[in-house]
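One structure is given below, encoded as C-alpha coordinates.
The values are calculated or read from the model by the stated rules, or taken from the named source; none is laboratory data. Keep in mind it's a predicted model, so treat the numbers as computed, not measured. Methodologically, a virtual Cβ is constructed for each residue, glycine included, from the backbone with ideal geometry; neighbour enumeration extends over all protein chains shown.
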Amino acid sequence: MDVETGKVECIRCSDKDYDSINILSHENHALYITNVENTIFTNEHIPVSVSVADSLTEEVRCFVSDDPKELLKDMFQYIKEVAAKIQQYNVSKYESLLRKIINVHGLTDAEVPGLDLGKTYKMDDVHAWIQNGEFACFFDFHSKLTFGKKRSDYGKLKQCIGQVPVFGFNSGRYDIDLIKADLFAVIGTDNITSVIKNPSYMCIATSDMKMLDISNYVPAGTSYAKYLSTYLGECKCNDKIRCVCGLGKGIFPYEYITSFDVLSQTEVPPKSAFDSALRSTSISDEDCVRVQFVWEHYGMKSIKDLLIWYNNLDVVPFIKAIKAQRELFKRFELDMFTDGVSLPGLSEKAMYQTCFNNLQQPSKEPAEAFDFPASRLSGYKTQDADADRECNMTLEHLNDLL
(Lines give C-alpha, C1' and ligand atoms only; values in the text may rest on other atoms or scores of the structure.)
Protein backbone atom coordinates (compact mmCIF):
# COMPACT_ATOMS: atom_id res chain seq x y z
CA MET A 1 0.00 0.00 0.00
CA ASP A 2 1.29 3.43 -0.92
CA VAL A 3 1.67 5.40 2.31
CA GLU A 4 1.15 8.68 0.44
CA THR A 5 -1.98 7.88 -1.53
CA GLY A 6 -3.26 4.74 0.14
CA LYS A 7 -3.67 2.98 -3.20
CA VAL A 8 -2.95 -0.73 -3.32
CA GLU A 9 -1.56 -2.20 -6.50
CA CYS A 10 -1.04 -5.72 -5.23
CA ILE A 11 -0.96 -7.52 -1.92
CA ARG A 12 1.88 -9.96 -1.50
CA CYS A 13 0.70 -13.43 -0.59
CA SER A 14 2.42 -15.84 1.76
CA ASP A 15 4.93 -18.44 0.64
CA LYS A 16 2.10 -20.81 -0.21
CA ASP A 17 1.23 -21.17 -3.86
CA TYR A 18 -1.51 -18.59 -4.26
CA ASP A 19 -1.89 -15.94 -6.92
CA SER A 20 -1.49 -12.29 -5.98
CA ILE A 21 -4.72 -10.33 -5.64
CA ASN A 22 -5.07 -7.25 -7.82
CA ILE A 23 -7.37 -4.91 -5.91
CA LEU A 24 -6.40 -1.52 -7.30
CA SER A 25 -9.94 -0.76 -8.42
CA HIS A 26 -11.62 -1.54 -5.12
CA GLU A 27 -12.57 1.40 -2.93
CA ASN A 28 -12.63 -0.51 0.35
CA HIS A 29 -10.00 -3.02 -0.66
CA ALA A 30 -9.80 -4.93 2.63
CA LEU A 31 -13.49 -5.82 2.35
CA TYR A 32 -12.88 -7.70 -0.90
CA ILE A 33 -10.27 -10.07 0.53
CA THR A 34 -11.98 -13.29 1.50
CA ASN A 35 -8.97 -15.49 2.27
CA VAL A 36 -7.26 -13.33 4.89
CA GLU A 37 -5.16 -16.17 6.32
CA ASN A 38 -3.14 -16.41 3.11
CA THR A 39 -2.70 -12.64 2.69
CA ILE A 40 -0.01 -10.41 4.13
CA PHE A 41 -0.44 -6.62 4.21
CA THR A 42 2.94 -5.00 3.62
CA ASN A 43 1.85 -1.52 4.78
CA GLU A 44 -1.12 0.13 6.43
CA HIS A 45 -1.94 3.80 6.03
CA ILE A 46 -2.89 5.44 9.32
CA PRO A 47 -3.47 9.23 9.27
CA VAL A 48 -1.23 11.00 11.78
CA SER A 49 -1.22 14.59 10.52
CA VAL A 50 -3.31 17.18 8.71
CA SER A 51 -2.83 20.84 7.83
CA VAL A 52 -5.62 23.41 7.57
CA ALA A 53 -5.34 26.89 6.04
CA ASP A 54 -8.15 29.44 5.78
CA SER A 55 -8.68 31.98 3.03
CA LEU A 56 -9.72 34.77 5.39
CA THR A 57 -6.42 35.17 7.24
CA GLU A 58 -4.30 32.67 5.24
CA GLU A 59 -3.09 31.29 8.55
CA VAL A 60 -2.12 27.62 8.60
CA ARG A 61 -2.33 25.09 11.40
CA CYS A 62 -0.89 21.57 11.39
CA PHE A 63 -2.16 18.85 13.72
CA VAL A 64 -0.15 15.72 14.54
CA SER A 65 -1.45 12.84 16.65
CA ASP A 66 -0.98 9.09 16.95
CA ASP A 67 -4.76 8.71 17.46
CA PRO A 68 -6.71 9.23 14.18
CA LYS A 69 -9.94 10.06 16.00
CA GLU A 70 -8.26 12.66 18.21
CA LEU A 71 -6.64 14.07 15.09
CA LEU A 72 -10.08 14.54 13.52
CA LYS A 73 -11.47 16.09 16.69
CA ASP A 74 -8.66 18.65 16.78
CA MET A 75 -9.05 19.41 13.09
CA PHE A 76 -12.82 19.93 13.14
CA GLN A 77 -12.67 21.92 16.35
CA TYR A 78 -10.26 24.29 14.64
CA ILE A 79 -12.43 24.36 11.50
CA LYS A 80 -15.43 25.22 13.67
CA GLU A 81 -13.57 28.15 15.23
CA VAL A 82 -12.38 29.44 11.85
CA ALA A 83 -15.84 28.93 10.32
CA ALA A 84 -17.37 31.14 13.02
CA LYS A 85 -14.98 33.97 12.08
CA ILE A 86 -15.73 33.53 8.37
CA GLN A 87 -19.48 33.54 9.05
CA GLN A 88 -19.16 36.80 10.98
CA TYR A 89 -17.19 38.28 8.10
CA ASN A 90 -19.81 37.13 5.57
CA VAL A 91 -22.71 38.55 7.59
CA SER A 92 -20.97 41.92 7.94
CA LYS A 93 -20.26 41.89 4.20
CA TYR A 94 -23.89 41.22 3.25
CA GLU A 95 -25.56 42.96 6.19
CA SER A 96 -26.97 45.82 4.10
CA LEU A 97 -28.59 43.32 1.72
CA LEU A 98 -29.96 41.24 4.59
CA ARG A 99 -31.49 44.34 6.16
CA LYS A 100 -33.18 45.29 2.87
CA ILE A 101 -34.66 41.80 2.53
CA ILE A 102 -36.11 42.03 6.04
CA ASN A 103 -37.67 45.43 5.30
CA VAL A 104 -39.17 44.22 2.01
CA HIS A 105 -40.43 40.76 3.00
CA GLY A 106 -40.47 40.96 6.78
CA LEU A 107 -40.07 38.17 9.33
CA THR A 108 -42.69 36.13 11.15
CA ASP A 109 -42.83 33.90 14.20
CA ALA A 110 -41.75 31.02 11.91
CA GLU A 111 -38.30 32.60 11.51
CA VAL A 112 -38.04 34.20 14.96
CA PRO A 113 -39.45 31.82 17.59
CA GLY A 114 -41.46 33.33 20.42
CA LEU A 115 -43.07 36.18 18.48
CA ASP A 116 -46.78 36.90 18.14
CA LEU A 117 -48.60 34.79 15.57
CA GLY A 118 -49.67 36.36 12.30
CA LYS A 119 -47.56 39.49 12.64
CA THR A 120 -44.77 40.63 10.31
CA TYR A 121 -41.66 42.28 11.72
CA LYS A 122 -39.26 44.70 10.02
CA MET A 123 -35.83 46.16 10.81
CA ASP A 124 -37.26 48.68 13.28
CA ASP A 125 -38.35 45.75 15.41
CA VAL A 126 -34.92 44.12 15.06
CA HIS A 127 -33.23 47.34 16.26
CA ALA A 128 -35.58 47.43 19.25
CA TRP A 129 -34.76 43.82 20.16
CA ILE A 130 -31.03 44.55 20.02
CA GLN A 131 -31.40 47.70 22.14
CA ASN A 132 -33.47 45.79 24.70
CA GLY A 133 -30.72 43.20 25.00
CA GLU A 134 -32.65 40.30 23.47
CA PHE A 135 -29.83 39.97 20.92
CA ALA A 136 -26.23 41.07 21.35
CA CYS A 137 -25.86 42.33 17.79
CA PHE A 138 -27.17 41.80 14.27
CA PHE A 139 -24.96 38.73 13.82
CA ASP A 140 -26.41 37.21 17.00
CA PHE A 141 -29.92 37.88 15.69
CA HIS A 142 -29.02 36.47 12.27
CA SER A 143 -27.55 33.29 13.79
CA LYS A 144 -30.74 32.49 15.70
CA LEU A 145 -33.10 32.76 12.74
CA THR A 146 -34.62 29.46 11.62
CA PHE A 147 -36.01 28.53 8.22
CA GLY A 148 -37.89 25.45 7.06
CA LYS A 149 -37.43 23.51 3.84
CA LYS A 150 -39.31 26.19 1.91
CA ARG A 151 -36.77 28.96 2.40
CA SER A 152 -37.31 32.63 1.70
CA ASP A 153 -34.74 34.83 -0.02
CA TYR A 154 -33.23 35.55 3.37
CA GLY A 155 -33.09 31.84 4.19
CA LYS A 156 -31.33 30.99 0.94
CA LEU A 157 -28.76 33.72 1.47
CA LYS A 158 -28.28 32.65 5.09
CA GLN A 159 -27.48 29.12 3.95
CA CYS A 160 -24.99 30.33 1.33
CA ILE A 161 -23.00 32.54 3.69
CA GLY A 162 -23.37 30.18 6.64
CA GLN A 163 -21.98 27.02 5.03
CA VAL A 164 -18.21 27.53 4.97
CA PRO A 165 -16.60 25.43 2.19
CA VAL A 166 -13.83 23.04 3.26
CA PHE A 167 -11.78 21.97 0.23
CA GLY A 168 -9.40 19.07 -0.22
CA PHE A 169 -7.59 17.70 -3.24
CA ASN A 170 -8.72 14.19 -4.22
CA SER A 171 -10.29 14.04 -0.77
CA GLY A 172 -13.57 12.57 -1.99
CA ARG A 173 -11.86 9.58 -3.58
CA TYR A 174 -9.37 8.80 -0.87
CA ASP A 175 -9.12 10.93 2.27
CA ILE A 176 -12.77 10.67 3.28
CA ASP A 177 -12.78 6.92 2.70
CA LEU A 178 -9.69 6.66 4.89
CA ILE A 179 -11.24 8.54 7.81
CA LYS A 180 -14.98 8.03 7.35
CA ALA A 181 -15.20 5.47 10.17
CA ASP A 182 -14.28 8.27 12.59
CA LEU A 183 -15.43 11.20 10.47
CA PHE A 184 -19.16 10.70 10.90
CA ALA A 185 -18.69 9.95 14.59
CA VAL A 186 -16.82 13.23 15.07
CA ILE A 187 -19.10 15.57 13.12
CA GLY A 188 -22.24 13.64 14.09
CA THR A 189 -24.64 12.05 11.62
CA ASP A 190 -27.48 14.21 12.96
CA ASN A 191 -25.61 17.34 11.86
CA ILE A 192 -25.28 16.19 8.24
CA THR A 193 -27.81 17.92 5.97
CA SER A 194 -26.81 16.40 2.62
CA VAL A 195 -24.36 13.95 1.06
CA ILE A 196 -23.58 13.72 -2.66
CA LYS A 197 -21.70 10.57 -3.71
CA ASN A 198 -21.09 9.71 -7.35
CA PRO A 199 -19.26 7.35 -6.72
CA SER A 200 -16.74 9.34 -4.68
CA TYR A 201 -17.84 11.80 -2.03
CA MET A 202 -18.51 15.03 -3.93
CA CYS A 203 -20.09 16.90 -1.04
CA ILE A 204 -20.77 16.37 2.66
CA ALA A 205 -22.69 19.30 4.10
CA THR A 206 -23.68 20.31 7.60
CA SER A 207 -25.44 23.47 8.73
CA ASP A 208 -22.16 25.39 9.04
CA MET A 209 -19.72 23.76 6.60
CA LYS A 210 -19.59 22.02 3.24
CA MET A 211 -16.80 19.54 2.45
CA LEU A 212 -15.90 19.63 -1.25
CA ASP A 213 -13.22 18.09 -3.47
CA ILE A 214 -11.42 20.45 -5.83
CA SER A 215 -10.66 17.44 -8.07
CA ASN A 216 -14.30 17.61 -9.20
CA TYR A 217 -13.72 21.17 -10.49
CA VAL A 218 -10.83 20.27 -12.82
CA PRO A 219 -10.40 17.86 -15.75
CA ALA A 220 -9.96 14.21 -14.80
CA GLY A 221 -6.39 13.20 -14.10
CA THR A 222 -5.19 16.68 -13.11
CA SER A 223 -2.41 16.39 -10.54
CA TYR A 224 -2.02 18.72 -7.58
CA ALA A 225 1.21 20.13 -9.03
CA LYS A 226 -0.52 20.81 -12.35
CA TYR A 227 -3.43 22.50 -10.57
CA LEU A 228 -1.10 24.88 -8.72
CA SER A 229 0.93 25.69 -11.83
CA THR A 230 -2.26 26.43 -13.81
CA TYR A 231 -3.56 29.09 -11.43
CA LEU A 232 -0.38 30.29 -9.69
CA GLY A 233 2.30 29.63 -12.29
CA GLU A 234 5.49 27.63 -12.03
CA CYS A 235 8.19 28.20 -9.45
CA LYS A 236 10.46 30.98 -10.78
CA CYS A 237 13.36 30.35 -8.38
CA ASN A 238 16.66 29.78 -10.18
CA ASP A 239 18.00 27.72 -7.30
CA LYS A 240 15.49 24.91 -6.79
CA ILE A 241 17.47 23.54 -3.86
CA ARG A 242 17.11 26.75 -1.83
CA CYS A 243 13.63 27.60 -3.08
CA VAL A 244 11.42 29.17 -0.38
CA CYS A 245 8.68 30.67 -2.59
CA GLY A 246 6.19 28.05 -1.45
CA LEU A 247 5.23 26.83 -4.94
CA GLY A 248 7.61 23.89 -5.06
CA LYS A 249 6.55 20.42 -3.98
CA GLY A 250 7.88 19.21 -0.64
CA ILE A 251 9.79 16.00 0.01
CA PHE A 252 8.96 13.51 2.73
CA PRO A 253 10.04 9.89 3.45
CA TYR A 254 6.61 8.21 3.55
CA GLU A 255 7.70 4.59 3.76
CA TYR A 256 10.33 5.44 6.35
CA ILE A 257 7.60 6.30 8.88
CA THR A 258 6.83 2.79 10.12
CA SER A 259 5.63 4.01 13.53
CA PHE A 260 4.69 7.27 15.21
CA ASP A 261 7.91 7.23 17.23
CA VAL A 262 9.96 7.72 14.06
CA LEU A 263 8.70 11.31 13.94
CA SER A 264 10.69 12.01 17.12
CA GLN A 265 14.05 11.27 15.50
CA THR A 266 16.27 14.34 15.71
CA GLU A 267 18.48 13.77 12.68
CA VAL A 268 17.88 14.38 9.00
CA PRO A 269 16.63 11.14 7.42
CA PRO A 270 19.27 9.49 5.22
CA LYS A 271 18.83 9.42 1.46
CA SER A 272 17.78 5.77 1.59
CA ALA A 273 14.82 6.74 3.81
CA PHE A 274 13.19 8.41 0.80
CA ASP A 275 13.31 5.24 -1.31
CA SER A 276 9.92 3.84 -2.29
CA ALA A 277 9.67 0.07 -2.55
CA LEU A 278 6.16 0.38 -3.92
CA ARG A 279 7.15 2.65 -6.79
CA SER A 280 10.73 1.45 -7.11
CA THR A 281 11.97 5.04 -6.95
CA SER A 282 14.51 7.04 -4.98
CA ILE A 283 15.24 10.75 -4.67
CA SER A 284 18.05 12.46 -6.54
CA ASP A 285 21.18 13.91 -4.98
CA GLU A 286 19.74 17.40 -5.52
CA ASP A 287 16.58 16.49 -3.59
CA CYS A 288 18.70 15.10 -0.79
CA VAL A 289 20.63 18.39 -0.59
CA ARG A 290 17.31 20.28 -0.60
CA VAL A 291 16.08 18.28 2.42
CA GLN A 292 19.29 19.20 4.24
CA PHE A 293 18.80 22.88 3.33
CA VAL A 294 15.16 22.90 4.47
CA TRP A 295 16.11 21.24 7.76
CA GLU A 296 18.71 23.90 8.52
CA HIS A 297 16.83 26.88 7.04
CA TYR A 298 13.71 26.35 9.14
CA GLY A 299 15.59 25.18 12.22
CA MET A 300 13.97 21.76 12.36
CA LYS A 301 14.52 19.66 15.45
CA SER A 302 12.87 16.39 14.43
CA ILE A 303 11.24 14.58 11.53
CA LYS A 304 7.93 15.85 12.90
CA ASP A 305 9.01 19.37 11.92
CA LEU A 306 9.75 18.11 8.42
CA LEU A 307 6.26 16.59 8.29
CA ILE A 308 4.65 19.87 9.38
CA TRP A 309 6.64 21.80 6.76
CA TYR A 310 5.60 19.30 4.09
CA ASN A 311 1.90 19.45 5.03
CA ASN A 312 1.81 23.24 5.25
CA LEU A 313 3.51 23.54 1.88
CA ASP A 314 0.51 21.76 0.37
CA VAL A 315 -2.31 23.88 1.78
CA VAL A 316 -0.95 27.45 1.74
CA PRO A 317 -0.66 27.76 -2.07
CA PHE A 318 -3.80 25.63 -2.40
CA ILE A 319 -6.12 28.33 -1.07
CA LYS A 320 -4.45 30.91 -3.32
CA ALA A 321 -5.09 28.70 -6.36
CA ILE A 322 -8.74 28.22 -5.32
CA LYS A 323 -9.18 32.00 -5.09
CA ALA A 324 -7.79 32.39 -8.62
CA GLN A 325 -10.06 29.65 -9.97
CA ARG A 326 -13.06 31.18 -8.23
CA GLU A 327 -12.43 34.48 -10.03
CA LEU A 328 -12.61 32.60 -13.33
CA PHE A 329 -16.20 31.52 -12.70
CA LYS A 330 -17.18 34.99 -11.51
CA ARG A 331 -16.93 36.08 -15.14
CA PHE A 332 -20.11 34.05 -15.66
CA GLU A 333 -21.66 35.38 -12.44
CA LEU A 334 -21.18 31.97 -10.84
CA ASP A 335 -19.78 31.09 -7.43
CA MET A 336 -18.03 27.74 -7.52
CA PHE A 337 -18.70 27.34 -3.79
CA THR A 338 -22.49 27.54 -4.04
CA ASP A 339 -23.54 27.12 -7.69
CA GLY A 340 -22.18 23.61 -8.20
CA VAL A 341 -20.16 20.78 -6.73
CA SER A 342 -18.36 19.87 -9.96
CA LEU A 343 -17.00 21.31 -13.20
CA PRO A 344 -19.82 19.80 -15.34
CA GLY A 345 -22.45 21.42 -13.11
CA LEU A 346 -20.87 24.87 -13.38
CA SER A 347 -20.21 24.43 -17.11
CA GLU A 348 -23.87 23.64 -17.71
CA LYS A 349 -24.94 26.88 -16.04
CA ALA A 350 -22.36 28.83 -18.03
CA MET A 351 -23.61 27.18 -21.23
CA TYR A 352 -27.21 28.20 -20.61
CA GLN A 353 -26.04 31.79 -20.08
CA THR A 354 -24.45 32.00 -23.52
CA CYS A 355 -26.21 29.56 -25.87
CA PHE A 356 -29.38 31.67 -26.15
CA ASN A 357 -27.71 35.06 -26.60
CA ASN A 358 -28.17 35.32 -30.39
CA LEU A 359 -31.63 33.83 -30.62
CA GLN A 360 -34.20 36.03 -32.39
CA GLN A 361 -37.61 36.61 -30.92
CA PRO A 362 -40.39 35.12 -33.06
CA SER A 363 -42.48 37.56 -35.05
CA LYS A 364 -45.63 38.72 -33.27
CA GLU A 365 -47.48 39.54 -36.52
CA PRO A 366 -50.65 37.49 -37.01
CA ALA A 367 -50.31 34.58 -39.38
CA GLU A 368 -52.16 34.41 -42.69
CA ALA A 369 -55.59 32.87 -42.64
CA PHE A 370 -55.68 29.17 -43.45
CA ASP A 371 -58.30 27.95 -45.92
CA PHE A 372 -59.63 24.46 -45.52
CA PRO A 373 -58.88 22.36 -48.66
CA ALA A 374 -62.02 22.00 -50.75
CA SER A 375 -60.86 18.62 -52.07
CA ARG A 376 -60.64 17.25 -48.54
CA LEU A 377 -64.19 18.41 -47.76
CA SER A 378 -65.36 16.74 -50.95
CA GLY A 379 -63.79 13.51 -49.79
CA TYR A 380 -65.53 13.79 -46.41
CA LYS A 381 -68.90 14.28 -48.16
CA THR A 382 -68.29 11.18 -50.28
CA GLN A 383 -67.47 9.11 -47.19
CA ASP A 384 -70.62 10.32 -45.42
CA ALA A 385 -72.76 9.55 -48.46
CA ASP A 386 -71.37 6.02 -48.71
CA ALA A 387 -72.05 5.49 -45.00
CA ASP A 388 -75.52 6.98 -45.32
CA ARG A 389 -74.63 9.83 -42.95
CA GLU A 390 -75.76 13.41 -43.12
CA CYS A 391 -73.01 15.94 -43.89
CA ASN A 392 -74.02 19.40 -42.70
CA MET A 393 -70.55 21.03 -42.79
CA THR A 394 -69.81 23.77 -45.32
CA LEU A 395 -66.49 25.14 -46.54
CA GLU A 396 -67.33 28.59 -45.14
CA HIS A 397 -68.03 27.14 -41.69
CA LEU A 398 -64.70 25.26 -41.63
CA ASN A 399 -62.78 28.38 -42.66
CA ASP A 400 -64.42 30.32 -39.85
CA LEU A 401 -63.32 27.67 -37.35
CA LEU A 402 -59.72 27.94 -38.58
Matching residues, the stretch 96-117, being in a helix (DSSP H, G or I) and either touching a Phe, Trp or Tyr at 6+ places or on another chain (Cβ under 6 Å) or not assigned by TED's automatic domain parsing to the domain that holds residue 143 (or both):
101
For a quick check of your reading: which strands (runs of 3 or more DSSP E) sit entirely within the stretch 161-256 and have at least 1 residues that are surrounded by fewer than 17 Cβ atoms within 10 Å (Cβ to Cβ), assigned by TED's automatic domain parsing to the domain that holds residue 66 and free of Cβ contacts under 8 Å to residues at least 40 places away in the same chain?
192-197
Checking residue 121 against (1) touching a helix residue (DSSP H, G or I) at 6+ places or on another chain (Cβ under 6 Å); (2) crowded, with 16+ Cβ neighbours inside 10 Å, only one condition comes out false. Which one?
(1)
Considering only the stretch 354-366, I want to know if a residue exists there that is surrounded by 13 or more Cβ atoms within 10 Å (Cβ to Cβ), at pLDDT below 95 and out of contact with any helix residue (DSSP H, G or I) (no Cβ under 6 Å at 6 or more places or on another chain).
no
Please list, ordered by first then second residue, the pairs with beta carbon atoms under 8 Å, 6 or more apart or interchain, first in the stretch 128-148 and farther than 19 Å from residue 161 by Cβ and in the same structural domain as residue 112 (by TED's automatic domain parsing), second assigned to a helix (DSSP H, G or I) and of a type in the set (Phe, Trp, Tyr).
129/141; 130/138; 130/141
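Residues are listed down the side, and each one gets a yes or a no for (1) at positive phi; (2) β-branched (Val, Ile, Thr):
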residue: 86; (1), (2): no, yes
residue: 89; (1), (2): no, no
residue: 96; (1), (2): no, no
residue: 102; (1), (2): no, yes
residue: 146; (1), (2): no, yes
residue: 157; (1), (2): no, no
residue: 170; (1), (2): yes, no
Over 28 Å from residue 57 (Cα atoms) and either of a type in the set (Asp, Glu) or assigned to a loop (DSSP other than H, G, I, E, B) (or both), is that true of residue 261?
yes
Since residue 105 meets every condition but one in (1) under 30 Å from residue 176 (Cβ atoms); (2) surrounded by fewer than 16 Cβ atoms within 10 Å (Cβ to Cβ), which condition does it not meet?
(1)
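Conditions tested, residue by residue: (1) part of a loop (DSSP other than H, G, I, E, B); (2) among the acidic types (Asp, Glu); (3) buried (at least 17 other Cβ atoms within 10 Å of the Cβ).
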{"site": "52", "(1), (2), (3)": "no, no, yes"}
{"site": "66", "(1), (2), (3)": "yes, yes, no"}
{"site": "71", "(1), (2), (3)": "no, no, yes"}
{"site": "76", "(1), (2), (3)": "no, no, yes"}
{"site": "81", "(1), (2), (3)": "no, yes, no"}
{"site": "87", "(1), (2), (3)": "no, no, yes"}
Residue 31 fails exactly one of (1) modelled with pLDDT under 90; (2) within 29 Å of the chain's Cα centre (by Cα); (3) not in a helix (DSSP H, G or I), namely (3)
Suppose we filter the stretch 342-396 for residues that are assigned to a helix (DSSP H, G or I), of a type outside the set (Asp, Glu) and under 30 Å from residue 199 (Cβ atoms); how many remain?
10
Go over the candidates 381, 304 one by one and state the one that is surrounded by 12 or more Cβ atoms within 10 Å (Cβ to Cβ), within 25 Å of residue 225 (Cβ to Cβ) and not assigned by TED's automatic domain parsing to the domain that holds residue 56.
304
Could we say that residue 186 is over 29 Å from residue 325 (Cα atoms), in contact with a Lys or Arg (Cβ under 8 Å, 6 or more places away or on another chain) and modelled with pLDDT of 90 or more here?
yes
Can you find, within the stretch 275-291, the residue that is farthest from the chain's Cα centre (by Cα) among those that are assigned to a helix (DSSP H, G or I) and either at pLDDT below 90 or not acidic (Asp, Glu) (or both)?
289
